[in-house]
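The values are calculated or read from the model by the stated rules, or taken from the named source; none is laboratory data. These numbers come from a predicted model, not from an experiment. Using ideal geometry, Cβ is built from the backbone for each residue, glycine included, and neighbour counts are taken over all protein chains shown. Note: accessible area is taken over every heavy atom of the protein model, side chains too, but ligands, DNA and RNA are not part of it. Shrake-Rupley method; radii C 1.70, N 1.55, O 1.52, S 1.80 Å.
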Amino acid sequence: MKINGARMVIEAIRHEGVDVVFGYPGGAIMNVYDEIYKQNHFQHILTRHEQAAIHAADGYSRATGKVGVAIVTSGPGFTNAVTGLATAYMDSIPMVVISGQVPTSIIGTDGFQEIDAVGISRPCTKHNYLVQNIEELPRILKEAFYVARSGRPGPVHVDIPKDVTATMGDFDYEKEINMPTYKPTTKGNKRQIKKALEAIAQAKKPLIYVGGGAVLSNAFVDIREFAKKTNIPVVETLMARGVMGADNPLLMGMLGMHGEYSANMAMYETDLIISLGARFDDRVTGRLDQFAKSATIVHVDVDPASIGKIVVPHYPIVGDLKLVMEDLNEMVHDFEFNDYASWVSRLKEYQKEQPLRFVDSDEVIKPQWVVKRTGELLGYKAIVTTDVGQHQMWTAQFYPFDFARQFVTSGGLGTMGFGLPAAMGVARGKEDKVSINFTGDGSILMNIQELMTCVEYKLPVINIILNNNYLGMVRQWQTMFYDDRLAETDLSTQPDFVKLIEAFGGVGYRVSTKEQFDEALHKAVEAKKVAFIEVIVDRRENVLPMVPNGHALNEMHLLKD
Amino acid sequence: MNNFNHYYDSIETRRVISVIVINEDSVLSRIVGLFSARGYNIDSLTVAPIPDSEYSRITIVTVGSKRVIDQIVKQLNKLIPVLKVNEHSNVIEKDTVLIKIPIDQNLSDVAALAAAYRGSIQNVTEDAIVVSATDEPSRIMNFIKVIQKRFHPLEIVRSGVVAMER
Ligand SMILES: Cc1ncc(C[n+]2csc(CCOP(=O)(O)OP(=O)(O)O)c2C)c(N)n1
């Protein structure tokens with residue numbers, strides 16, 4: 001039976017078991033929307049901006065581990081989607097984004113709403129396709145989902161001209177994937193794994209350094225097991241928060257620019273780094289020529305290009321982290337490890353000397369207190385998203401993350417405006433959890449229109465706005481490195497956030513005491529509606545500790561009383 | 001144990017890399033886009049279909065440290081339409097040049113000179129002659145220098161390098 005191209009898109013989504021897509025219609029994608037209208041295999045959530053549709057699919061994917069799907073129209077619909085694609089690309093999130101394109105007969109004529117979408121998306125997708133005719137559409141759709149979730153995952157973009165979605169053709173989706181040029185390695189090389197274990201067993205101060213790949217490959221149970229068996233301490237990147245679990249005695253905290261003292265010192269003093277799905281980002285390494293100068297490096301990554309890009313490892317292992325960890329956990333019994341007790345206790349000392357802390361106050365709410373308190377009240381019951389800024393770092397530092405996929409944040413690109421739409425995807429994908437979005441008074445305004453989507457689709461996202469009336473993170477840099485010249489970071493002029501969300505149909509609370517906060521959080525959870533809790537916090541609080549740009553990890557600004 | 005970063009960064013090398021890609025549209029822009037986006041340098045680039053196959057061969061000459069060359073190879077391998085990337089060390093390289101010289105120059109030596117670079121005169125009109133030569137890239141550079149010095153050429157067109165493992 002022949003079906004049209006638009007119907008093929010629906011069928012592909014159905015075959016992939018996707019139960020929700022996010023999107024926004026327009027002329028070039030109308031055929032697809034007409035088929036969406038006729039089907040009942042999946043829900044379509046109409047966002048109020050294409051960027052938000054991509055972030056929502058992204059948040060859905062990060063929280064559930066499934067492929068996120070978003071649909072947009074050509075021209076401005078697609079260009080609005082680009083920031084979402086770039087955000088997902090930098091954090092390797094599996095996603096398929098389908099865009100409409102002008103009919104093939106018009107391509108290249110600067111037609112109405114024509115833009116070279118695959119040209120624009122090329123640097124911010126894992127792969128992309130411009131569909132030329134109906135015959136290749138089923139194969140491309142199948143490949144798109146496969147490429148998105150295999151190897152190092154990432155967003156894939158499929159651009160489909162309007163006439164192709166109208167043309168009838170055969171739909172044969174069951175076909176095996178046949179991509180002679182794309183064969184990602186999954187199994188790590190056993191000999192290399194053995195050699196790495198030999199080196200690890202001989203090290204005196206080994207350290208496990210976990211990154212976002214641990215989350216993407218669902219390896220967190222295996223990593224906990226390996227750390228426990230070997231008694232090797234662990235540091236997490238921003239993207240790996242939750243992998244070890246907040247109370248794990250081997251966790252030395254988050255490392256990097258705003259990392260914990262113990263974590264950064266561990267990285268500074270270690271003689272052997274076991275990098276698991278981490279990529280030596282500059283926000284993590286600090287000054288590179290001072291980074292792990294004399295450490296042996298074991299680097300496990302599914303992406304061969306990530307290995308040796310920043311630092312050159314002695315033991316490179318290419319493979320899916322989950323599978324490599326299974327091998328490591330099996331082979332670990334054949335080795336006699338050094339006793340790392342004194343190394344672990346030395347790091348514990350650092351943790352005691354310089355714990356992650358803030359100076360609390362009874363006059364004004366400290367933003368860190370809000371994060372900590374939310375964690376005390378909701379803990380693992382919440383999945384937490386953030387926007388970008390100081391509030392993001394405080395969340396990473398002070399929220400008690402207990403499992404992978406509990407923390408959803410834009411790490412690689414650092415996209416303000418990510419939080420609210422991503423939290424919508426979380427709310428839809430994890431209906432049994434509370435969806436909390438920590439945001440700033442700057443960030444929240446970047447996709448504020450999505451409150452409408454939350455109301456329409458009953459997505460009870462609780463936005464905790466840490467209102468400092470500044471673009472806080474930029475203000476902090478201005479304070480520390482630009483003599484306090486606060487160029488364009490003062491946000492004294494702000495809307496009435498409570499009235500604003502009420503106008504959309506949600507609930508809002510403005511709080512300036514701790515008691516009020518507890519009460520508001522309680523009410524917001526009960527309300528099961530999109531909510532704002534606007535917390536008036538200390539305006540001039542800084543994120544500490546901090547490794548200034550271009551400094552080594554041991555050169556941290558610490559909190560002074 | 002010291003890591004290899006130092007060695008890795010220091011030595012600049014010229015490398016010939018050949019990339020076998022599926023013959024589909026936009027594949028060349030993916031390759032070139034990768035070089036521009038990551039700040040790698042392209043000295044020369046040639047492309048042509050491989051006979052009786054659905055693949056093309058792209059030959060790229062580039063200069064960089066060992067680390068950069070390694071990254072280029074890895075990043076190329078990551079592109080979905082790329083079948084194979086070869087980083088050559090022992091290759092025969094050939095470059096072709098076409099040079100147009102005004103007819104009023106003293107042309108008596110041109111044929112002999114071209115012959116020394118495995119070339120010959122290709123065409124003669126009332127206004128100009130065209131010589132071509134095909135040889136190793138460095139020798140072609142030499143040939144061009146000599147011609148430029150003596151014959152005030154009107155136009156010089158090079159093909160870029162093609163290469164084959166010995
Ligand atoms: C789209 C975008 N534009 C600009 C920036 C640069 N930037 C990083 S943090 C920040 C300030 C964020 O302010 P706010 O949301 O109020 O959070 P705070 O730092 O005060 O917690 C800015 C402007 C960015 N990350 N993303």
Any hit, the stretch B:110-118, residues being away from every other protein chain (no Cβ under 13 Å), closer than 30 Å to B:Val146 by Cα and in contact (Cβ under 8 Å) with a residue 40 or more places away in the chain: yes
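So that you can scan it fast, the table gives a plain yes or no per residue for (1) out of contact with any Asp or Glu (no Cβ under 8 Å at 6 or more places or on another chain); (2) farther than 30 Å from A:Asn329 by Cβ:
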{"residue": "A:Thr167", "(1), (2)": "yes, yes"}
{"residue": "A:Phe171", "(1), (2)": "no, yes"}
{"residue": "A:Phe220", "(1), (2)": "yes, no"}
{"residue": "A:Glu225", "(1), (2)": "yes, no"}
One residue is enough: does the stretch A:388-395 have a residue meeting the conditions farther than 24 Å from A:Trp369 by Cβ and either more than 12 Å from the ligand (Cβ to nearest atom) or open to solvent by 20 Å² or more (accessible area, probe 1.4 Å) (or both)? no
Residue list for the stretch A:50-90, restricted to those being outside any helix (DSSP H, G or I) and either surrounded by 24 or more Cβ atoms within 10 Å (Cβ to Cβ) or β-branched (Val, Ile, Thr) (or both): A:Val67, A:Gly68, A:Val69, A:Ala70, A:Ile71, A:Val72, A:Thr73, A:Ser74
Give the residues of the stretch A:182-195 that are at pLDDT 95 or above and out of contact with any helix residue (DSSP H, G or I) (no Cβ under 8 Å at 6 or more places or on another chain), sorted by residue number. A:Asn189, A:Arg191, A:Gln192, A:Lys195
With the requirement that a residue be of a type in the set (A, V, I, L, M, F, W, C) and more than 9 Å from chain B (Cβ to nearest Cβ), what does the stretch A:285-303 give you? A:Phe291, A:Val298, A:Val300, A:Val302
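Among the residues of the stretch A:422-429, are any in a strand (DSSP E or B), within 16 Å of the ligand (Cβ to nearest atom) and either at pLDDT 95 or above or under 25 Å from A:Lys366 (Cβ atoms) (or both)?
Taking the stretch A:422-429 and keeping what is in a strand (DSSP E or B), we get none.
Checked against the condition, which is being in a strand (DSSP E or B), within 16 Å of the ligand (Cβ to nearest atom) and either at pLDDT 95 or above or under 25 Å from A:Lys366 (Cβ atoms) (or both), the stretch A:422-429 yields no hits at all.
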Positions within the stretch A:204-229 being open to solvent by 10 Å² or more (accessible area, probe 1.4 Å) and in contact (Cβ under 8 Å) with a residue 40 or more places away in the chain, in sequence order: A:Lys204, A:Lys205, A:Gly212, A:Gly213, A:Val215, A:Leu216, A:Ser217, A:Asn218, A:Phe220, A:Asp222, A:Glu225, A:Lys229
Exactly one condition in (1) open to solvent by 40 Å² or more (accessible area, probe 1.4 Å); (2) away from the ligand (no atom under 16 Å from the Cβ); (3) closer than 22 Å to A:Gly277 by Cβ; (4) not small (Gly, Ala, Ser) is not met by A:Lys458; state its number. (3)
With more than 18 Å from the chain's Cα centre (by Cα), among the hydrophobic types (A, V, I, L, M, F, W, C) and surrounded by fewer than 17 Cβ atoms within 10 Å (Cβ to Cβ) as the only criterion, which of B:Val124, B:Val110 stands out? B:Val124
Is one or more of the residues making up the stretch A:352-364 out of contact with any Lys or Arg (no Cβ under 7 Å at 6 or more places or on another chain), farther than 30 Å from A:Tyr457 by Cβ and not in a loop (DSSP other than H, G, I, E, B)? yes
Condition test on A:Ile274, is it assigned to a strand (DSSP E or B), surrounded by 21 or more Cβ atoms within 10 Å (Cβ to Cβ) and either over 24 Å from the mean Cα position of the chain (by Cα) or free of Cβ contacts under 8 Å to residues at least 24 places away in the same chain (or both)? no
Among the numbered conditions (1) within 30 Å of A:Met265 (Cα to Cα); (2) part of a helix (DSSP H, G or I), tell me where A:Leu141 comes up short. (1)
One residue is enough: does the stretch A:161-177 have a residue meeting the conditions of a type outside the set (Ser, Thr, Tyr), open to solvent by less than 20 Å² (accessible area, probe 1.4 Å) and within 12 Å of chain B (Cβ to nearest Cβ)? no
What are the residues in the stretch A:357-387 that are more than 16 Å from the ligand (Cβ to nearest atom), farther than 21 Å from A:Gly59 by Cβ and open to solvent by less than 40 Å² (accessible area, probe 1.4 Å), if any? A:Ser361
Just to be sure, is A:Ile465 surrounded by fewer than 24 Cβ atoms within 10 Å (Cβ to Cβ), more than 14 Å from chain B (Cβ to nearest Cβ) and within 14 Å of the ligand (Cβ to nearest atom)? no
For the list (1) within 22 Å of B:Ser65 (Cβ to Cβ); (2) part of a helix (DSSP H, G or I); (3) open to solvent by 30 Å² or more (accessible area, probe 1.4 Å); (4) not polar (S, T, N, Q), I need the number of the one condition that A:Ala305 fails. (3)
Which ones in the stretch B:21-50 are of a type outside the set (Gly, Ala, Ser), more than 9 Å from chain A (Cβ to nearest Cβ) and open to solvent by 40 Å² or more (accessible area, probe 1.4 Å)? B:Asn23, B:Glu24, B:Leu28, B:Val32, B:Arg38, B:Asn41, B:Ile42, B:Asp43, B:Leu45, B:Val47, B:Pro49, B:Ile50
For the stretch A:38-48, check the following and say yes or no: at least one residue is over 21 Å from A:Ala427 (Cα atoms), open to solvent by 10 Å² or more (accessible area, probe 1.4 Å), of a type in the set (D, E, K, R) and outside any strand (DSSP E or B). yes
Within the stretch A:373-422, can you find the residues that are more than 20 Å from A:Leu255 (Cα to Cα) and charged (D, E, K, R)? A:Arg373, A:Glu376, A:Lys381
Can you find a residue that is more than 27 Å from A:Asn218 (Cα to Cα), part of a loop (DSSP other than H, G, I, E, B) and modelled with pLDDT of 95 or more anywhere in the stretch A:372-389? yes
Say whether the condition of being more than 28 Å from A:Asn549 (Cβ to Cβ), surrounded by fewer than 24 Cβ atoms within 10 Å (Cβ to Cβ) and in contact with a strand residue (DSSP E or B) (Cβ under 9 Å, 6 or more places away or on another chain) is met by at least one residue in the stretch A:248-262. yes
